[in-house]
Structures are given as C-alpha cells and as structure tokens.
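Since the structure comes first, as structure tokens, the remarks are kept for the end.
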Amino acid sequence: MNLPIQVRQQSHHHYCKAYVFHSWWLVWLGGTVVGTLPPLTATIAWRATKPSLTPSVEVARRIINSKVSDDQDQRVSSPFLGKRVISSVVTTQKNKYSQQYSEIWQGWKTLRGGCQESKNVTVPQQHDYYALRHGQSLANVAGVIASNPQVACSQYGLSELGFQQAHQAGHDVVTTYLQNKSRYKGLLILSSDFLRAKETAEQVLQVVQQHNQNGNNSDVISIYQNSVIYEPWLRERWFGAWDGTSDSNYAKVWADDATGTDDHAEENHNNSVESDNVESVVSVRNRVLQGLRAYEQRLQDDCEDTKKYMVLCVAHGDVLQILQTAYSNIEAHLHRTLPHLETATLRPLQRPTPSQ
C-alpha cells in the first residue's frame, strides 16, 4: 500500500514526524483503535538519531493499548506512530485516562500558587540551606514511583537500611552544625510530609536531641520550635500517569525534561500529549523556592545581624535535584546534569563562587 507521507526533520526533538493527509486513512486508523478493522501495521516513520521510541510516543501507545483494552482485547501494533496521528486518536482516551489524577493535580496547582519564575532566579541565601534526601524507602526497594500524597503520606516508609542511613545522616547534620556553630543561632528542620521523608527527619531530630543530652552546654544545638516542621511544598514531584509504575520510567520523564526549556515548561505541561500530567520542573522549583523565601523572612526577623540558621530540607530526589539548579544558576530542566543526590545524602545549597 502506497501512503502519501511528508516527512519533516525536527531537530529539537531529534526525530521525524509522519504526517498522514487523507481523511480515509484517519478513518481507517480510528477503526483500527476500536477494533473494527485489522490492527494498524503500515504507518511509517524514520528516527533521525535515536534507535528507540521517544518517551512521548511510548506514552501514547501505552495509553491506547491499556485503555482500549478495557473494552476489547485489541492492541495497536504499529512500531511507530506519528505525533499528529496520535493526537487525532488519543484525545478522548487521554481525557478519560487523566480524569483520575485531576484532584491530585489541582492540589499541586494550589501548592504552586500560580507564581511565575523570572529569568534570574532569586534564591534564599541569608541562612545556610542544606538538602537531605530521605533514606532508602520501601518504594525504592520495590522499584515503584510513589508520588501520590493519598498513598505516600502513609505508605512506603523507610526500609531497615533506610533507617540506618537516616540515623547516620543525623550525625552528619550534627557534625556540620558544630563545624560552623560560631555563626549559627540554631537548626531548622523542614521536611516533606511523605512518610519516607518524615521518618528520615525524625531520625535526624532524635540524633540531635541525643547529642544535646550527652554533650556539654557549649555544644548544644538549638532546634527551631524543638520539632520537625512538615511542609507539603517539599513533597515529591507529581509524576502523573507514571505514579505507581516501575521506577524505570523516571528515565522517560527526565528525557522529556532535558528536551524542553524553562520558558515553555508550563505551556508544555498544560497542553502537550507527552507531558502525561507530570508536574513541570518549573512548578517544582517555584513551589520550593516560594516556601523557602517565606522562612527566610521569618528567620531573619528572629536573628541577630551576625547569626544565621542552618536550614535542613528533608525531601525527595527530583525535588532536591531541581532545587539545586536554582543555586547552580542553570535552568531547571537541566537538573539531571548535576551530580545525582543519593539517599540520605547531605548536600549544601549555595551559589557557586566566581572561581567555580
């Protein structure tokens, strides 16, 4: 069968799109999806640089495969679907597929506050900020993406190794504080309210409290409000349709991140088929910076001119990886170019010096 196809190179996405013009072909494709005609086998496209399917195409094929099979045992057998063809077929199924996430996504938009990120990101610097990723979690062990607050606030806590890691992280916090105690007024522990982060922060708090009981008065660490403060804006990035699936799918989300830009992250998030309801990198960075700026002002009112707080942010891999981009003066979508933050690892958040 000879199909009229126009191929245009798209250098930004590193692949070529197949455009199908005849309406009868689209009718044939629609018939294929609902199972009234044989499976689609003839759509042709060429990859410019990558041998495997792009994440966006894989997402669209998965949507078609999983959702159509709810009503009939049919599968789309095409090795590749052009994005325009996908867009004409998937709209109805995509809306149905996304409906279950709407409530959660509305919650994330509330946390975002609708704030807009400027070209030159202003980061809190009046105090010393540290990122601490949670210890190994049961989700890490199971290889599952757990970003739904309705689940992760009460499930997927730390593994046995994760508790050990968190305890050691507490000692790392104490050591770091004492090395700089002459300029510190106290320690502020902020944490995501996801269970794995809460249990990590609680281990850190216990280690600091034990240190205060056993140490001399000169080494006592003053804990802000004498407790951990849990903030929903430190929750894990919302992974949308990927939530609850294999953590191997992180790579697909990161690949989409890397091909975007910060300027268009929100637009792409709201309108693109390939976003798959994943929270944009700009949204993640905005909500965390907004929360930290509020504490920056609150702490400044509480400090002498020469004193500052050590502020510990106990959170998640993507959230902290993206937050680091603001302190590293790079765009948020480039977060995977920074060194990977391992579980229970303490890392300072600071602007690079001119020599760096």
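The values are calculated or read from the model by the stated rules, or taken from the named source; none is laboratory data. Please read all numbers here as calculations on a predicted model, not as lab measurements. Note: ideal-geometry Cβ built from the backbone for every residue, glycine included; neighbour counts use all protein chains shown. Just so you know, the surface numbers come from the protein's heavy atoms only, side chains and all, with ligands and any DNA or RNA stripped out. Shrake-Rupley method; radii C 1.70, N 1.55, O 1.52, S 1.80 Å.
What the table shows:
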item: Every residue from region 291-307 that is surrounded by 15 or more Cβ atoms within 10 Å (Cβ to Cβ) and out of contact with any strand residue (DSSP E or B) (no Cβ under 6 Å at 6 or more places or on another chain); result: 291, 292, 295, 296
item: Candidates 227, 191 - the one that is of a type in the set (Ser, Thr, Tyr), buried (at least 18 other Cβ atoms within 10 Å of the Cβ) and at pLDDT 95 or above; result: 191
item: Inter-residue pairs, beta-carbon under 8 Å, first under 24 Å from residue 187 (Cβ atoms) and at pLDDT 95 or above and in region 153-176, second assigned to a loop (DSSP other than H, G, I, E, B) and of a type in the set (A, V, I, L, M), 6+ apart; result: 162/344; 165/344; 166/344; 168/344; 169/344; 174/221
item: Residue satisfying all of: in region 119-137; modelled with pLDDT of 95 or more and of a type in the set (Ser, Thr, Tyr); surrounded by the most Cβ atoms within 10 Å (Cβ to Cβ) among these; result: 137
item: Residue in region 211-218 that is surrounded by 13 or more Cβ atoms within 10 Å (Cβ to Cβ) and either within 24 Å of the chain's Cα centre (by Cα) or of a type in the set (Gly, Ala, Ser) (or both) present; result: yes
item: Count - residues of region 138-147 that are open to solvent by less than 10 Å² (accessible area, probe 1.4 Å) and over 15 Å from residue 237 (Cβ atoms); result: 0
item: Criterion (open to solvent by 20 Å² or more (accessible area, probe 1.4 Å) and assigned to a loop (DSSP other than H, G, I, E, B)) met by exactly one of 155, 203, 150, 164; result: 155
